[in-house]
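Data block below; observations after.
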Amino acid sequence: MDLSIILVNYNTGELLRDCLESLYANKPGVQCEVIVSDNGSTDGSLEMLAEEYPQVRVIANGDNLGFAAANNKAINQCRGKYILLLNSDTLVIDRDSFDNMVNYMEAHPDTGVLGCMLLNGDHSLQLSHGKFPTIVTEFHQKALNFMFSGKIAPFYGKIAADYREEHPVDWVTGACLMVRREAAQQAGLLDEEFFMYFEDVDWCRRINSCGWRVIYYPGARVVHLLGGSAPKQQNISVIYKESQLRYYCKHRGRAELNLLRVIQVGKHLALLMKLKLCGLIAGKDVSGDSKRIIGVIRVFWGKSIQ
């Protein structure tokens, strides 16, 4: 088996259907299998898969295990030489994308992880790789996101030109990430302490530390409907910040971890005061947004990460 394509699903049945439809319309020429690891969906996803895609292997986890754990369940059962993590909120738009990725891995045996070009729904470029997070690099990444989303020249042109060239990077996003089985076995599976977010960065870091290259490769393109696969019932900001804090605790020093806490608490206290003041002036109920911000503050103020 050349390639195992793994999708994690949690109540994203319509997105999953569209993703699978695009995948089978542009099915790779290499021998492949498709596995859906379902995190206890209640939206009819399992029934849809059984009726419309009986060729897909389904792992029914029963509960929402998170992104890392659900992927690990599938990785432990897959047979491919190469493993592709693919979000359910993606669309495959080129027939040769995944064949090109496999061919690249075959031609570059020192590459452990390969990421592709991600596009927004309007086919504009989406940022999909970066440097390992530090206080400085995260600030830089957010600045890039702002400049890129607003297409501010000349920054947009410079970044877009960079995204047209193959090059080594620190990490690529797990929305579409191909890993060599040998590299995954050497570095270990995804860290299940990350429920969602940063698990891809952590995995790339561990694989890279084992001597494998992580490569951004524009010879394959996938549309990523950013955020479509995130659980709607949960406070995504809190989940993201918990994972960010865990990453810093695992890979950065105590001083930088504490600095991150101070910066985030200060930032979100200021946001909370601004929100309450605007709500008071406008006479609006801001309790929902206030609760979400307070949740983030609690993560950084009092949560202990082991």
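Values for this structure:
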{"item": "Cut-off 13 Å between beta-carbons: net charge of the residues surrounding L119, Lys and Arg +1, Asp and Glu -1", "result": "-1"}
{"item": "Three-way shape label, the range 230-302, alpha-carbon gyration tensor, a/c 1.5", "result": "oblate"}
{"item": "The range 1-133 shape via C-alpha gyration tensor axes, a/c threshold 1.5", "result": "rounded"}
{"item": "Alpha-carbon centroids, the range 71-128 and the range 186-226: separation in whole Å", "result": "11 Å"}
{"item": "Matching label, percent of Cα pairs over 38 Å apart computed from the structure shown, candidates [x] 8; [y] 14; [z] 4", "result": "[y]"}
{"item": "Dipole of the range 203-293, positive end: most advanced residue of A255, G283, Y240 [Cβ charges, Cα centre]", "result": "A255"}
{"item": "Environment charge of D285, counting only residues whose C-beta is closer than 12 Å and scoring Lys/Arg +1, Asp/Glu -1", "result": "+2"}
{"item": "The range 283-301 versus the range 5-19: alpha-carbon centroid distance in Å", "result": "30 Å"}
{"item": "Cα-based helix-to-principal-axis angle, 254-282 vs the chain, degrees rounded to 10", "result": "70 degrees"}
{"item": "Listed residues F198, N103, A143: farthest to the positive end of the dipole of the chain (Cβ charges)", "result": "A143"}
{"item": "Segments 90-100, 21-31 sorted - mean Cβ within 10 Å per residue, highest first", "result": "90-100, 21-31"}
{"item": "Of all DSSP beta bridges in the chain, antiparallel share, percent nearest 5", "result": "45 percent"}
{"item": "For the chain, with +1 on Lys and Arg beta carbons and -1 on Asp and Glu, the positive-most of N26, A74, S209 along the dipole", "result": "S209"}
{"item": "Dipole magnitude of the chain, debye to nearest 20 (Cβ charges: Lys/Arg +1, Asp/Glu -1, about Cα centre)", "result": "1480 debye"}
{"item": "Among 289-298, 157-166, 193-202, the order from most to least packed when residues are scored by Cβ within 10 Å on average", "result": "193-202, 289-298, 157-166"}
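Read-outs: derived from the displayed coordinates by stated rules, not from any lab. Quick caveat: nothing in here was measured; it's all calculated off a predicted structure. Cβ coordinates were reconstructed from backbone atoms using ideal geometry, including for glycine residues, and neighbour counts include every protein chain displayed.
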